[in-house]
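Asks: My questions all concern the structure below.
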Amino acid sequence: MRQSAERGTRERILEVAEASLGEHGYHGTRLHDIAHRVGIQKASLFHYFPSKEQLYRAVLDEGFGHAEQTIARVLASEGSALDKVRALVAAYVDMVAAHPARTKLLLRQSLGDAPSGYHSADSERLLRQVASFVTEAQRQHLLAPIDPLGIVLGVVGMVAFFFTSAPVLAPNWLPDPWGSASIERVKRHVVSVVERCLTGGGAPDDEAAALPAQPSTVQPSR
């Protein structure tokens with residue numbers, strides 16, 4: 001029972017810390033506030049994570065671990081190279097939608113809001129793992145020749161943009177960013193873009209036809 005309670009408290013700390021780091025950034029997050037929201041003393045928090053930097057790293061490690069498991073599962077599944085690319089994109093959209101604060105945290109990190117000298121080899125490793133899969137498929141002439149790491153980074157950027165910036169810049173396009181309909185819309189759009197890049201043209205006619213037409217919500221400038 002004690003181990004279960006310990007694990008439960010640790011998971012709750014990570015959950016609250018992820019939300020706080022996403023909202024306030026590394027430098028704006030206070031351990032006292034996290035402990036208060038978890039319902040423990042700050043000294044008890046140090047029992048699990050001796051410093052804010054270690055807590056920050058643990059939150060990111062949790063996300064990278066989840067992503068690594070998802071990538072491994074998809075790449076080990078049955079299907080063509082393009083099927084696996086579709087599945088990877090869909091799974092990534094689902095991960096971002098399930099953990100919006102994690103995406104904000106990573107965006108803040110890219111702007112320098114992180115512990116001094118922090119560098120994550122895990123993010124590079126995961127990006128290159130997917131890029132290597134694309135590279136190998138291209139070598140076998142299963143996917144069109146396009147910069148593998150560029151397309152992977154493009155997907156990361158697109159998905160992050162749709163969930164963080166599109167609701168501000170084009171609110172009618174994604175009126176309920178975290179609703180199931182919006183998540184599926186982002187998924188369809190990003191998959192379609194990636195298909196066009198990796199097949200050297202448009203998506204197959206039957207799949208393109210399956211994508212529902214969406215009215216334009218961008219108003220012409222006057």
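All of the numbers you see were taken from the coordinates with simple rules; none came from a lab. These numbers were taken from a predicted model, which means no experiment stands behind them. FYI the Cβ positions are ideal-geometry reconstructions off the backbone, even for glycines, and counts take in every protein chain you see.
Asks: Along the charge dipole of the chain, which of Ile34, Gly65, Ala87 sits closest to the positive end, that is, farthest toward it, with unit charges on the beta carbon of Lys, Arg, Asp and Glu (+1, +1, -1, -1)?
Replies: Ile34
Asks: What is the count of Lys pairs in the chain whose alpha carbons sit under 25 Å apart, if the two are 8 or more places apart or on different chains? Spell out each step's value before the answer.
Replies: On the way: Lys42/Lys52; Lys42/Lys104; Lys52/Lys104; Lys84/Lys187; Lys104/Lys187.
Within the chain, the lysine pair count is 5.
Asks: Please sort by residue number the GluC sites (Glu not before Pro) in region 55-150 whose DSSP state is loop and whose Cβ has at most 14 other Cβ atoms within 10 Å. Walk me through the numbers before you get to the answer.
Replies: On the way: sites: Glu62, Glu68, Glu78, Glu124, Glu136; in loops: Glu78.
Hits after loop and neighbour filter: Glu78.
Asks: Using Cα springs under 10 Å in a Gaussian network model of the chain, which residue among Val74, Val190, Val93 shows the largest mean-square fluctuation?
Replies: Val74
Asks: Same structure, new question: Would you kindly state the longest site-free stretch of the chain, with sites defined as chymotrypsin sites (Phe, Trp or Tyr not before Pro) in a DSSP loop (not H, G, I, E, B) surrounded by at most 15 other Cβ atoms within 10 Å? Display every interim value, and only then the final one.
Replies: Details: sites that count: Tyr118, Trp178.
It works out to 1-117.
Asks: If you stretched the chain out fully between Glu68 and Phe46, how much longer would it get, using 0.36 nm times the residue separation minus the C-alpha to C-alpha distance? Please report the intermediate quantities before stating the final value.
Replies: Numbers: separation 22, 0.36 × 22 = 7.92 nm, distance 2.77 nm.
Working it through step by step, the gained length comes to 5.1 nm.
Asks: Using the Cα centre as the reference, give the magnitude of the dipole from point charges on the C-beta atoms of region 61-210 (Lys, Arg: +1; Asp, Glu: -1; all else neutral), rounded to the nearest 20 debye.
Replies: On the way: 13 positive and 17 negative charges, 45 e Å.
Computed about the Cα centre, the dipole is about 220 debye.
Asks: Also: Would you work out which of Leu127, Val155, Tyr56 lies farthest towards the positive end of the dipole of the chain, given +1 charges on the beta-carbon of Lys and Arg and -1 on that of Asp and Glu, about the Cα centre?
Replies: Result: Tyr56.
Asks: Under a point spin-label approximation (7 Å from Cα along Cα-to-Cβ), what is the Leu127-Gln54 distance to one decimal in nm?
Replies: Going from the Leu127 label point to the Gln54 one covers 2.9 nm.
Asks: Enter the per residue convex hull volume of the chain, computed from alpha-carbon coordinates, in Å³ rounded to the nearest integer. Don't skip to the answer; put the middle values down first.
Replies: On the way: hull volume 38.1 nm³, N = 222.
Value for the chain: 172 Å³ per residue.
Asks: If each DSSP helix of 4+ residues adds -39,500 (n - 2.57) and the sum is divided by the residues in the chain, what number results at 222 nm, nearest 500 deg cm²/dmol? The partial results should precede the final answer.
Replies: Values: 11 runs with 161 residues, N = 222.
The helix contribution divided over the chain gives -23500 deg cm²/dmol.
Asks: Further question on the same structure: Rounded, prolate or oblate, given the Cα gyration tensor of region 87-182, with a/c below 1.5 counting as rounded?
Replies: Values: a/c = 2.31, a/b = 1.26, b/c = 1.84.
Taking the square roots of the gyration eigenvalues as a ≥ b ≥ c, region 87-182 is oblate.
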